[in-house]
Amino acid sequence: VRSVAFLRHAAVQQLSTAPAPSAMASHSMRSVNSYEYGGLEKLQLTDTMKVPVLRQPDDILVRVHCSTVQPIDIALLSGYGSVLLPLAARAAACGAEPDAVPPALPLILGRDFCGEVVAAGPDCPPELRQPGRLVWGARAPFESGCHAEFALASARHVRPVPDGVDPAAAACVPYPGLTALAAMLEAGLPTPASSFNWPLRCRSSRPDPAVLVLGASGGVGLLLLQLIRCLLPACRLVVTCPARHVADLPAAVNGCQLDSVLASGGHDSAATLQQLTAAPATFDAIIDLTRDAASRRRLLPTLRPGGRLATVSSPLLRLFDQRGVAGGAPVAARAFASDRAAGIRWAFFAQSGANLDYLARLLALGRLAPRIDRRFSMSGEFRTAFELAAGGDGRGMGRVVLDVAS
């Protein structure tokens, strides 16, 4: 296996579609990284990280223009997933050469990217082999991130950016958009890949289902509401978000109709929960974007027969972090079985070229509009960007964009 991997690696280097640029000649690049887990003080801007090289025939090397800073980045920096994610990285690279899996540290954060093609392997489609072509994509939590001048990705998970779309706006879509579609799928709602058999997936296949979205003012939530309205134009859409965002939420979701917006957080949470649970069997699907597991369970009676509750905040990685592999695996299995029996599904980000194509079409048509909170230069303002994303003063709705190429 190692011999075959080595030969493939050599062939890719010979057949890449573009010569290495001058920045690659030094084999180093600027990046925001951390050599240990901890708080934001661990982050540093360096120019010593190696530029990735093509290893697989469908690899693409991208010069990153823009990325984003998200809550998942803050969590990963603190050590979230440090037990299970390295195992996932090794499993994903099974059969590759021994040095194909980067070490867990130093950690480069950043899940989304928009940038231009620098080099591509021979198995990449023609539209992704054009040097300078603007592309976008997302990196899984176990992969090296995009807060760097260059990022390596598989052609299966990269797509051209629609003409006329600003790179900063494009960088705000892939990770939260794919996460939102994964949550819809687990909630039994139609998605681009499942709409043909949606009545088989959701036993309550009403033409106008009632959908509840909890905690919808973040990057995932804003795109999720627009996607639900695109795929289910007749649905009844009830939303909760912090009180400070209630008035501005409709404008933040591209003018999508929201049938009811309820305040949550602080003193509003108890009243909103009481209002939602007053009438049983109200909703066909609930998507929970919060971390409030107790409230999540109390909302189960509000589901109609055949309905599902999907959460993007499963305890999986946390249990492995707390208990290790041997102790975390059985506890996580029991938690998964318990939630599934109760009607709660765990939704995880999933890379999908087909779903990226769908998001691109909506973006080009103006039916999907990401919201940018603030933009910062990676070179001089990366720490301010992380502080804002971590919940600092002045945090609004939408994404914090990091201009990598500035």
Could you check how many residues of region 357-406 are among the acidic types (D, E) and within 17 Å of A168 (Cα to Cα)?
3
With the structure loaded, tell me whether A243 is modelled with pLDDT under 95 and within 20 Å of G391 (Cα to Cα) or whether it fails that test.
yes
Close pairs from region 252-270: first assigned to a loop (DSSP other than H, G, I, E, B), partner among the polar types (S, T, N, Q) and open to solvent by less than 40 Å² (accessible area, probe 1.4 Å), Cβ under 6 Å, at least 6 apart:
V253/Q226; N254/Q226; C256/Q226
Does region 70-91 include one or more residues that are within 20 Å of the chain's Cα centre (by Cα), among the small types (G, A, S) and over 23 Å from L316 (Cβ atoms)?
no
Does S154 satisfy the criteria of being in contact (Cβ under 8 Å) with a residue 12 or more places away in the chain and either hydrophobic (A, V, I, L, M, F, W, C) or touching a Gly at 6+ places or on another chain (Cβ under 9 Å) (or both)?
yes
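Suppose the filter is outside the structural domain of L76 (by the TED database) and more than 21 Å from the chain's Cα centre (by Cα); does A335 pass it?
Details: outside the structural domain of L76 (by the TED database): yes; more than 21 Å from the chain's Cα centre (by Cα): yes.
Considered against the rule, which asks whether it is outside the structural domain of L76 (by the TED database) and more than 21 Å from the chain's Cα centre (by Cα), A335 comes out as yes.
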Candidate set: region 377-406, residues that are among the aliphatic types (A, V, I, L, M), modelled with pLDDT under 95 and part of a loop (DSSP other than H, G, I, E, B); chosen: the one surrounded by the most Cβ atoms within 10 Å (Cβ to Cβ)
M397
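With the condition being hydrophobic (A, V, I, L, M, F, W, C) and either modelled with pLDDT of 95 or more or surrounded by fewer than 18 Cβ atoms within 10 Å (Cβ to Cβ) (or both), I'd like the helices (runs of 4 or more DSSP H) fully within region 16-102 carrying at least 3 qualifying residues.
Values: elements: 22-25, 71-77, 84-92.
By residue number, 71-77, 84-92.
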For A285, indicate whether it is open to solvent by less than 10 Å² (accessible area, probe 1.4 Å), under 30 Å from A171 (Cα atoms), at pLDDT 95 or above and not acidic (D, E).
yes
Any idea which of G380, G328, G396 is on the phi < 0 side of the Ramachandran plot, over 23 Å from the mean Cα position of the chain (by Cα) and outside the structural domain of A216 (by the TED database)?
G380
All but one of (1) part of a loop (DSSP other than H, G, I, E, B); (2) loosely packed, with under 15 Cβ neighbours inside 10 Å hold for L368, so report the exception by its number.
(2)
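So which of A354, A329, A335, A360 is at pLDDT 95 or above and open to solvent by 40 Å² or more (accessible area, probe 1.4 Å)?
Working: A354 fails: at pLDDT 95 or above; A335 fails: open to solvent by 40 Å² or more (accessible area, probe 1.4 Å); A360 fails: open to solvent by 40 Å² or more (accessible area, probe 1.4 Å).
The conditions single out A329.
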Pick from region 119-143, criterion in contact with a Pro (Cβ under 6 Å, 6 or more places away or on another chain) and under 17 Å from R55 (Cβ atoms), ranking: surrounded by the most Cβ atoms within 10 Å (Cβ to Cβ):
G137
Output the residues belonging to region 304-342 that are in contact with an Asp or Glu (Cβ under 8 Å, 6 or more places away or on another chain) and part of a helix (DSSP H, G or I).
G328
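Keeping to region 235-273, report how many residues are polar (S, T, N, Q) and open to solvent by 60 Å² or more (accessible area, probe 1.4 Å). Lay out the reasoning, then the answer.
The first filter runs over region 235-273 and keeps only residues polar (S, T, N, Q), leaving 240, 254, 257, 260, 264, 269, 272.
Then drop every residue that is not open to solvent by 60 Å² or more (accessible area, probe 1.4 Å), which leaves 254, 257.
Selection size over region 235-273: 2.
Quick check on F320: is it in the same structural domain as R111 (by the TED database), at negative phi and not small (G, A, S)? Explain how you work it out, then say what you get.
Working: in the same structural domain as R111 (by the TED database): no; at negative phi: yes; not small (G, A, S): yes.
The answer is no for F320.
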It is to be established whether one or more residues within region 344-357 are of a type outside the set (F, W, Y) and in contact with a Cys (Cβ under 6 Å, 6 or more places away or on another chain).
no
Within region 291-306, which residues are crowded, with 17+ Cβ neighbours inside 10 Å and at pLDDT below 95?
D292, S295, R296
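The values are calculated or read from the model by the stated rules, or taken from the named source; none is laboratory data. It should be emphasised that the depicted structure is a prediction, and the values quoted were computed from it without experimental measurement. Here Cβ is always computed from backbone atoms with ideal geometry, including for glycine, and neighbour counts include all displayed protein chains. To get the accessible areas, we keep the full protein, side chains included, count just its heavy atoms, and leave off ligands, DNA and RNA. Shrake-Rupley method; radii C 1.70, N 1.55, O 1.52, S 1.80 Å.
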